[in-house]
1. Looking at the protein assembly as shown from every direction and averaging, what is the projected area of its Cα convex hull in nm²?
2. Pull up the cross-link candidates among the lysines for B:Lys309, meaning alpha carbon to alpha carbon under 18 Å and not fewer than 8 places away within one chain.
3. When you look at the Cβ of every residue in B:416-429, what mean number of other chain Cβ atoms sits within 10 Å?
4. Under a Cβ-only charge scheme (Lys and Arg +1, Asp and Glu -1), can you give me the dipole magnitude of the range A:316-511 about the Cα centre, in debye to the nearest 20?
5. Quick check: the distance between the Cα centres of the range A:167-213 and the range A:261-313, to the nearest angstrom?
6. Per 20 Å bin, what percent of the C-alpha pairs of chain A does each bin hold, from zero upward?
7. Distance between the C-alpha centers of the range A:124-148 and the range B:416-485? Whole Å please.
8. List, in order, the whole-Hz ³J(HN,Hα) value for each residue of the range B:446-461 obtained from phi through the Karplus relation with A = 6.51, B = -1.76, C = 1.60 and θ = phi - 60°; use x for Gly and Pro.
Amino acid sequence: MAFLLWIVLFAPWIGFLATALLPRLSDRMYQAIHIVLQSVALVAVGALWSRFHPASSHYQAVVRLPWFSFPDAWHGANLTIGLNFGIDGLSLGLLSLAAVVLWLIAVSTRVPEGLGKARAMWVQLASFAVFATFTALNIFTFLLAIEVTLFATFFLLLRLSEADSQRTAIKFLLYRGVASVFLIVSLVGFAFSSAATMAEPLTLGYQQLAARAQGVATANAALSAHYSAPQWIFLLLLLGVFIEEAFVPLHNWFPDAIKNADTGTAMLVGGVLTKTGAYALLRFGVGMMPADVKIFTYVLATVGIGNLLYGAFAAWSARDWRRLISFSSISHMGLVLFAIGTMQADAIQGAMFLLVSSGLITSLLLLTTSRVKARTLTLEWRQLSGLAKPLPILSGFLLFGALATLGLPLTSGFIGEFQSFFGGFAVHPTFAFIGLLGLILSAVYSLTAIRKTTFGPFTDRAAAAAYEDARMAEWWPIALLTMLVLFIGIVPYPLGHVFLSAVHRLLPIGG
Amino acid sequence: MSMLALLVPLFPLLAGVISFFFRRLPGAFHATISVVLLIPSVVFAIVLFLYVHAHPGVVLRQVIPWLVLPSFSIHVGIQVNALTALMLVIVTFVSILVFMFSYGYLRTDERLSIYYSYLNLFVFSMLALVLSPNLLQLYLFWEMVGLCSYLLVGYWFAKPEAARAARKSFVVTRIGDAGLFAGILLLGFAAGTFNDADYSILARHGTLALPWLSEPYLVTLATLLIFIGAVGKSAQLPLHVWLPDAMEGPTPVSALIHAATMVAAGVYLVAREFPLFAESHVTMTVVAYVGAVTALFASLIAITQQDIKRVIAYSTVSQLGYMMLALGIGAYADGVFHLFTHAFFKALLFLAAGSVIHALGGTQDLALMGGLRRKMPITFYTFLAGALALSGIFPFAGFWSKDAILGAAMAKGDWVLYLLGLIAAFCTAFYIFRVVFLTFAGAPRDEDLHAHAHEGGWVMTVPLVILGLFATFAGFINTPWNDDFLSRFLTATKTPKPIPASYSHWPLTSMAISLAVGLCGIGLAAWMYGGGKGFRKVPSAFKPWYALSRNKFYVDEVYSWTVVRGGKLLAALVDLVDRYLIEGLTRLVGLFFYGIGNVLRYTQTGQIQTYGTFALVGLVVFLVVAVFRVGGVF
């Protein structure tokens, strides 16, 4: 099974190297390499599903690459630092999301003229880094992967953005660079602090750190003098997560990136990169610092519900699709944060569902709107009306995307939503009742957008004849995403089963 | 038998899928396949009804796991009891007639394939809702029903009014849905299951509680929240505003929404949870009063509306109020009985109105009608049957069910509720006969339209005649002469607290009063509007009151000025904060970093260096921490 994970990780890595080293190929060739290797990775992820044992309590498909070793690093013990990868239910879910989105970027988004090499190179590097982020088994690997993701995405934004590329890229870099600094300080500090408190060898491995989490909490309770250190560490982690997740008021980089980036990069940022923060909170917060999550539960609930509503209101006042997509994503992530903050098992399973669902739906909407924009040249509502007449297929998908955004049952969005509120009502009833407003607002903003763009009379000043509806070559990727969103919504059992095992891992019984 | 129940919703689903994917086939194909595939559903529904009748108290249940939560597993599947069996018959039967009528009404429409696929999905969702073995599945299809109504109300999406009405219907019912959602989740968490059959037992044993809320309060809170859902779906006060607008959709859709597939869901939900509702006195009182006030309020609006469909739409709101009133005072069987008869006469009234609209080339304005009795005799006589049933005139269907409700209110001695219902009954007879006179009697007010008016062919008249027969005779299913057949059927189900079959026992006083009130209403309508006169005189004669009713008591305006504008204002505020305050702060911070960057890169230029700075900062921090730890400084 480990070889499958090898393939997943190294297909894009090889693709990156090949693209970087092979000079002067045509754009088509670069794209061909990209598509082939990204497809290999996707197939390997699919194969991982068939081999995965949800019942096992260990990380699976473990790949270890020892790198270097600090002799006598900590109280006489050696510290070996290496690149370790493996999966559990949570990793597998998010890895699958990333593999699907990145594959769709490769096969379905347009490559700007003359930028074939840059795009193939950086997308594949980002792809490698994102896969590594979700499958890392120690803090070093995770942090390195985060940094490489930042690096690759920065170049994508810089080279490929459709507008205002410098400002967008630098804003992205500043924000997420700061976030990764927070994560580094927090996680490294955590590793040292746990080793010190427990008087055990320094380790960066998830398995060992999580196993200690219970013990660390007990030791802290006994030694109250050390109590403040983990809280301070957790707070830094939280700050990093808030920026990565684009939580208000640290979200400013996100709508800009979605608005200005090319479709592929927007899908990468909106569909995958905004899930890494929540992943970190689940992995490190829930899994390794559960006591701190409980202490900060009201902070998480406030920020979570605050974002749920802020995002919803901002999406309501949006005047174009891209802005609506970015704020509806922020709104969904607010619910994720609320769910995680409850530390209630059902809600945490819901948070995992929401992450995957939000990634798929954001990608679906970005892809569909890019197809619309290719025809109308704008996504602003005041210039659009009655698109359902000339573009029935694309309008149909747009409607589906809007319905999925508002969490309609039988789409993937509903599963996580009801689970989050289910746990939420048990733990934080007041917040949950306020959060219900988001349920109504999401219907308001989604359907307002639909009413303004696809419904209504078709009044286009430009040549209506030029609006030709999407052919199958254009809509099949959207249809694929639609089917995935529906499949998870109608048959949540398989994904739920995998996430269930992850919930049991993260929240050990009695913990 | 449970296999049969599973098949009932699957036939319309199949038809819907076929229609959706075979767009290019002609409209006649879609209509035919929809009707033909629904026939087995009707037959199976009737078989199930007979089966449940033959085995009183039986519950057919078949489930499979859907999602395993850490707390418990959720299942989906089907469950049939007496109430379900009755609903299946109503839904499939009304739907098949609407399917048929639709073809006559929309024959020339280009998008019939889409129309029939939505219509089939609508019926499928409603059937799956009714068959739900637990509240979570009910919620899934509750929302699907809402979606289908959104799609069909907005079927003519190019019309701005239709686009608006569609969104309004979804958003307003969604407000109710949020309540239902909360209620379901609270109960699910407290009970450890979504199987609502267990709730009333748990409530009896006092084990239904949450960490933050104890037993009696939880039951009251949860049932009230569920009732909010029903209020939204069944268009009760104060969430009634979407239903009259929803008639922007094609008229056969209105018939379906108003009779079988959408608004009935709210009443069905309250009826389904009746044993649990009965555990909370507060909730029951709220249900009864909301129902009674809605019944009167909507009927007062209906008496002045000038759009034929709007009158009938408000009539639905009002009649649903009666059903809620019945459930709220504990007259479970009577409420469901009224749901049953109402489905037939309301579908009939809408389809007959559709026939009129079709004949007049699309006009819905009563001002342009009149004198259609001779031109459209079938439509006239069937509409008349529906109007008599709605007015509660002996022996039409509505007489039996409405009188059962009023009789129950009288028997309970709740005079406020009884009077509210009685006044509403008077208004009902008046407003519907106002429509009868203005549409069919007197001289035509628009000669041109009148000249072209004609019946719509057998696909339209056959459903009318069938529904006309049901509107006339369906009430006989539950009369003193057959010992309240339907009530006994419905209350044979085992519940912790036995549900009384009937409160009223048909007191003659109540029957006589209702009948007299109904006849008075008709008489007044005849006096004011008989022969098509009075159309112009009445508004000026009752000016302020007329305006109040005509403008629907300004509820829409109040909402527009408070909730809608408030929300938009808040959204604009958030937008301002986001675009200026937060963006400004970001620039400020950016400027700060830019300064640092300038200092750091005095030997370098370009973007890569900027990145390098940041990667470096990260690495430096990492190393510093490591070195400090290794050096034992911490």
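The values are calculated or read from the model by the stated rules, or taken from the named source; none is laboratory data. Here the structure is a predicted model, which means the values were calculated and not measured. Don't worry about glycine lacking a Cβ; one is built from the backbone with ideal geometry, like all the others, and counts go over all protein chains shown. Keep in mind that these areas ignore ligands, DNA and RNA; they rest on the heavy atoms of the full protein, side chains included. Shrake-Rupley method; radii C 1.70, N 1.55, O 1.52, S 1.80 Å.
1. Computed as one quarter of the Cα hull surface, the answer is 45.7 nm².
2. B:Lys159, B:Lys168, B:Lys346, B:Lys552
3. On the way: counts 0, 0, 0, 0, 0, 0, 0, 0, 0, 0, 0, 0, 0, 0.
Neighbouring Cβ atoms belonging to other protein chains average 0 per residue here.
4. On the way: 13 positive and 8 negative charges, 100 e Å.
Its charge dipole is roughly 480 debye.
5. 16 Å
6. With a bin width of 20 Å, the distribution comes to 24, 58, 17, 1.
7. That distance is 70 Å.
8. Going residue by residue, I get 10, 4, 4, 4, 4, 5, 8, 5, 6, 5, x, x, 5, 4, 8, 6 Hz, with x marking Gly and Pro.
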